[in-house]
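S.K.: Sharing a structure here in structure tokens format.
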Amino acid sequence: MAQPDYDVVIIGGGHNGLTCAAYLARAGRRVVVLEKNDVVGGAAITEEFHPGFRNSVASYTVSLLNPKVIADLELARHGLTIAERPVANYWPLGDGPGLLMPYGIEARQAAIAAFSERDAQALPRYDTCLETAADFLRDLVLRTPPNVGGGVLDIVRNASLGRTMLALDTDVQQTIIDLFTKSAADFLAQWFEHDLVRAAFAFDGIVGAYASPFMPGTAYVLLHHCFGEVNGKNGVWGHAMGGMGAISSAIASSAREAGAEIRSGAGVARVVAPYGRATGVELSSGGTISAHVIAANVTPKLLFRDLIEPADVPRATHARFTGIRSGSGTFRMNVALSELPDFSGRPGSQAQDHHGAGIIIGPGMDYLERAYLDSRANGWSSEPIIEMLIPSTLDPALAPTGQHVASLFVQHVAPQLADGRTWENEQEKNRFADLVIDTVTRYAPNFKNSVLGRQTLSPLDLETRFGLTDGDIFHGQLGLDQMFATRPVIGSANYRLPLQGLYLCGSGAHPGGGVTGAPGHNAAREILRDLKWRRS
């Protein structure tokens with residue numbers, strides 16, 4: 001039998017595919033990464049979007065990148081530097097200074113006390129509760145979930161998880177159950193009374209979820225965004241110097257140093273799978289590449305819809321994967337600015353702490369709820385939820401001297417529009433982009449006139465350019481039926497897909513979305529285990 005071209009072919013050169021390749025190459029495996037775009041990194045890239053202005057294109061901030069991945073792949077040596085935000089977040093209001101959330105428990109209590117002394121007193125207990133649950137989640141992040149109805153190894157994994165859960169205090173167990181089942185609104189109502197304070201915490205529960213904060217499951221999304229760290233500091237958010245592309249570049253450098261081959265402009269047309277086993281890929285440009293193992297760093301829905309022949313798997317299996325719920329309801333913008341926003345509640349266009357924060361327009365629970373309902377009815381919200389970062393306050397090289405770039409991450413935007421409207425129509429996209437600019441301008445009156453240029457990405461653009469099906473930044477929604485042992489679907493939670501020799505190494509696998517590197521790390525471990533078993 002002819003020797004395959006490689007041990008492993010990885011479809012998709014996003015950060016998880018690169019991470020998987022780096023670990024496999026470091027273990028001595030012959031691995032090639034195939035990326036359809038001209039630049040590797042997937043949604044974690046940096047580019048010039050207006051003359052002289054550069055920014056992260058899609059993903060935009062750092063916190064969830066796993067510290068083990070950073071250490072194992074020596075990303076600092078390969079050029080990655082992460083700067084911490086001076087403060088966490090800022091919620092402007094139509095009147096008054098708004099809520100500026102710094103780091104540190106005493107400083108955060110003081111900020112919240114301006115709205116509710118009771119909420120300020122509740123904060124330490126809330127923090128302890130959430131951090132205990134986040135510690136439990138951090139322990140699960142690098143574990144391989146058990147497969148429901150699996151073999152001996154899955155029985156052992158189930159038993160290990162059960163022992164871990166039983167060892168927790170009863171109150172902690174209840175908190176974890178609450179977080180996995182309740183809405184963000186119901187969970188937060190146990191702790192806080194003030195509407196803005198609740199909304200400030202609830203924002204993390206609806207990011208990329210296309211959901212109301214009153215919907216069950218959003219409490220887990222809140223937790224998912226809370227288990228990160230920057231430079232060893234839990235709960236801190238940061239900026240990759242040079243933009244998110246610096247993360248992908250560092251991982252790619254580590255992978256190449258270990259011997260991995262990385263090809264850009266190399267799209268995959270289909271997975272070759274005779275007799276129920278994946279043995280290679282057919283390139284969009286023609287020709288095939290053979291391998292012992294194929295690892296997919298694309299959304300599982302796209303994989304089974306576009307790259308796997310329906311006849312290669314049972315009909316029910318194909319339907320289960322193509323039926324995965326997806327759609328983040330997000331719209332992404334980058335803008336070039338002549339000056340910093342001059343907020344009515346915190347005047348001045350000279351750099352202040354709030355300019356380096358995550359600036360969130362979502363000033364109440366009703367606002368968050370209306371945005372979702374409005375989007376469901378009309379395709380987008382007339383009062384959108386916006387998170388704005390101005391990374392040039394930390395990384396001046398992104399913009400000309402005295403000018404700035406801003407990232408705007410917008411919720412809620414329907415992946416498919418109704419009434420014959422479509423995101424293919426540039427007028428629709430520009431109408432909504434104008435609305436986003438006008439919304440920020442209501443809080444910072446100089447904003448609209450300071451915009452020199454902009455880049456817009458609708459849900460369709462996110463799918464077309466980065467393969468994010470329905471514009472889903474998580475590769476599949478983080479619902480109760482699509483996480484841990486049921487992610488991406490029941491029976492494939494351990495990174496092994498229904499075709500023998502086919503694995504999932506992207507965010508559609510546990511632990512889900514965000515720039516973490518964890519799915520790539522975990523899939524590489526399982527691939528190496530199987531290759532070793534196959535060889536023996």
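S.K.: In the stretch 462-485, how many residues are modelled with pLDDT of 95 or more and open to solvent by 40 Å² or more (accessible area, probe 1.4 Å)?
M.R.: The number of residues fulfilling the criteria is 3.
S.K.: What are the residue pairs meeting all of these: first residue in the stretch 382-406, first residue under 14 Å from TRP237 (Cα atoms) and without any contact (Cβ under 8 Å) to a residue 12 or more places away in the chain, second residue open to solvent by less than 10 Å² (accessible area, probe 1.4 Å) and not polar (S, T, N, Q), Cβ atoms under 6 Å, and 6 or more apart or on different chains?
M.R.: none
S.K.: Can you tell me which residue in the stretch 114-131 is surrounded by the most Cβ atoms within 10 Å (Cβ to Cβ), limited to those that are of a type in the set (Gly, Ala, Ser) and outside any helix (DSSP H, G or I)?
M.R.: SER116
S.K.: To continue, here is another question. Return yes when GLU383 is charged (D, E, K, R) and touching an Asp or Glu at 6+ places or on another chain (Cβ under 8 Å) and no when it is not.
M.R.: Taking the combined requirement at face value, the residue satisfies it.
S.K.: Can I ask one more? Restricting to the stretch 60-69, name every residue that is in contact with a helix residue (DSSP H, G or I) (Cβ under 9 Å, 6 or more places away or on another chain) and either closer than 19 Å to GLY358 by Cβ or free of Cβ contacts under 8 Å to residues at least 40 places away in the same chain (or both).
M.R.: Selection gives TYR60, THR61, VAL62, LEU64, LEU65.
S.K.: Moving on. From the list ALA202, ALA211, ALA240, ALA185, exactly one residue is over 18 Å from ARG108 (Cα atoms), in contact with a Pro (Cβ under 8 Å, 6 or more places away or on another chain) and modelled with pLDDT of 90 or more. Which is it? Break it down into steps so the answer makes sense when it comes.
M.R.: On the way: ALA202 fails: over 18 Å from ARG108 (Cα atoms); ALA211 fails: in contact with a Pro (Cβ under 8 Å, 6 or more places away or on another chain); ALA240 fails: in contact with a Pro (Cβ under 8 Å, 6 or more places away or on another chain).
The match here is ALA185.
S.K.: Is one or more of the residues making up the stretch 344-357 part of a helix (DSSP H, G or I), touching a helix residue (DSSP H, G or I) at 6+ places or on another chain (Cβ under 9 Å) and closer than 21 Å to MET101 by Cβ?
M.R.: Yes, some residue in the stretch 344-357 is part of a helix (DSSP H, G or I), touching a helix residue (DSSP H, G or I) at 6+ places or on another chain (Cβ under 9 Å) and closer than 21 Å to MET101 by Cβ.
S.K.: Mind listing whichever residues of the stretch 426-467 are among the aliphatic types (A, V, I, L, M) and over 23 Å from the mean Cα position of the chain (by Cα)? Steps first, answer last, please.
M.R.: First, pick out the residues of the stretch 426-467 that are among the aliphatic types (A, V, I, L, M): 433, 435-437, 440, 444, 451-452, 457, 460, 462.
Answer for the stretch 426-467, where residues must be among the aliphatic types (A, V, I, L, M) and over 23 Å from the mean Cα position of the chain (by Cα): LEU435, ILE437, VAL440, ALA444, VAL451, LEU452.
S.K.: Just checking, how many residues over the stretch 83-101 are open to solvent by less than 30 Å² (accessible area, probe 1.4 Å) and not charged (D, E, K, R)? Explain how you work it out, then say what you get.
M.R.: Of the residues in the stretch 83-101, the ones open to solvent by less than 30 Å² (accessible area, probe 1.4 Å) are 83, 85, 87-92, 98-99, 101.
Still in the running and not charged (D, E, K, R): 83, 87-92, 98-99, 101.
Qualifying residue count, the stretch 83-101: 10.
S.K.: To continue, here is another question. What pairs come out if I take residues in the stretch 420-436 that are surrounded by 12 or more Cβ atoms within 10 Å (Cβ to Cβ) and pair them with residues that are polar (S, T, N, Q) whose C-beta lies under 6 Å away, six or more apart or interchain?
M.R.: Listed by first residue and then by second, the contacts come to TRP423/SER458; LYS429/THR456; LYS429/SER458; ALA433/THR456.
S.K.: Just wondering, is there one or more residues in the stretch 298-315 that are touching a helix residue (DSSP H, G or I) at 6+ places or on another chain (Cβ under 6 Å) and either of a type in the set (S, T, N, Q) or assigned to a loop (DSSP other than H, G, I, E, B) (or both)?
M.R.: Yes; the residues of the stretch 298-315 include at least one that is touching a helix residue (DSSP H, G or I) at 6+ places or on another chain (Cβ under 6 Å) and either of a type in the set (S, T, N, Q) or assigned to a loop (DSSP other than H, G, I, E, B) (or both).
S.K.: Now, a different point. Answer yes or no: is there a residue in the stretch 490-498 that is modelled with pLDDT of 95 or more, open to solvent by less than 10 Å² (accessible area, probe 1.4 Å) and at positive phi.
M.R.: Taking every residue of the stretch 490-498 in turn, at least one turns out to be modelled with pLDDT of 95 or more, open to solvent by less than 10 Å² (accessible area, probe 1.4 Å) and at positive phi.
S.K.: Right, next: Does the stretch 525-534 include one or more residues that are touching a helix residue (DSSP H, G or I) at 6+ places or on another chain (Cβ under 8 Å) and in a loop (DSSP other than H, G, I, E, B)?
M.R.: No, the stretch 525-534 has no match at all.
S.K.: Which of the residues spanning the stretch 375-406 are surrounded by 24 or more Cβ atoms within 10 Å (Cβ to Cβ), among the small types (Gly, Ala, Ser) and within 18 Å of VAL436 (Cα to Cα)?
M.R.: Passing the criteria: SER381, ALA406.
S.K.: A further question on this structure: Of all helices (runs of 4 or more DSSP H) completely enclosed by the stretch 191-290, which ones contain at least 2 residues that are open to solvent by less than 10 Å² (accessible area, probe 1.4 Å), of a type in the set (S, T, N, Q) and in contact with a helix residue (DSSP H, G or I) (Cβ under 6 Å, 6 or more places away or on another chain)? So that I can check it myself, show each step before the final result.
M.R.: Numbers: elements: 195-206, 218-224, 245-258.
In the stretch 191-290, 245-258 are the helices (runs of 4 or more DSSP H) which contain 2 or more residues that are open to solvent by less than 10 Å² (accessible area, probe 1.4 Å), of a type in the set (S, T, N, Q) and in contact with a helix residue (DSSP H, G or I) (Cβ under 6 Å, 6 or more places away or on another chain).
S.K.: Still on this structure: Which of the residues spanning the stretch 376-403 are more than 19 Å from MET215 (Cα to Cα) and among the aliphatic types (A, V, I, L, M)?
M.R.: Passing the criteria: ILE386, MET388, LEU389, ILE390, LEU394, ALA397, LEU398, ALA399.
S.K.: Exactly one of these conditions fails for GLY52: (1) buried (at least 19 other Cβ atoms within 10 Å of the Cβ); (2) among the small types (Gly, Ala, Ser); (3) modelled with pLDDT of 95 or more. Give me its number.
M.R.: Every listed condition holds for GLY52 apart from (1).
S.K.: Here is a further query. Checking SER381 against (1) outside any loop (DSSP other than H, G, I, E, B); (2) of a type in the set (S, T, N, Q); (3) over 30 Å from ALA184 (Cβ atoms), only one condition comes out false. Which one?
M.R.: Of (1) outside any loop (DSSP other than H, G, I, E, B); (2) of a type in the set (S, T, N, Q); (3) over 30 Å from ALA184 (Cβ atoms), only one is false for SER381: (3).
S.K.: Could you check how many residues of the stretch 483-534 are among the small types (Gly, Ala, Ser), touching a Lys or Arg at 6+ places or on another chain (Cβ under 8 Å) and farther than 24 Å from ILE206 by Cβ?
M.R.: Going through the stretch 483-534, the residues among the small types (Gly, Ala, Ser) turn out to be 485, 491-493, 501, 506-509, 512-514, 517-518, 520, 523-524.
Checking which are touching a Lys or Arg at 6+ places or on another chain (Cβ under 8 Å) leaves us with 493, 501, 508-509, 512.
After this cut, where a residue has to be farther than 24 Å from ILE206 by Cβ as well, the list is 493, 501.
The total comes to 2.
S.K.: Restricting the search to the stretch 480-510, which residues are of a type outside the set (Ser, Thr, Tyr), more than 16 Å from PHE304 (Cβ to Cβ) and out of contact with any helix residue (DSSP H, G or I) (no Cβ under 9 Å at 6 or more places or on another chain)?
M.R.: ASP481
The values are calculated or read from the model by the stated rules, or taken from the named source; none is laboratory data. Keep in mind it's a predicted model, so treat the numbers as computed, not measured. In this analysis, Cβ positions are derived from the backbone assuming ideal geometry, glycine residues included, and neighbour counts consider all displayed protein chains. In case anyone asks, the SASA skips ligands and DNA or RNA and just uses the protein heavy atoms, side chains included. Shrake-Rupley method; radii C 1.70, N 1.55, O 1.52, S 1.80 Å.
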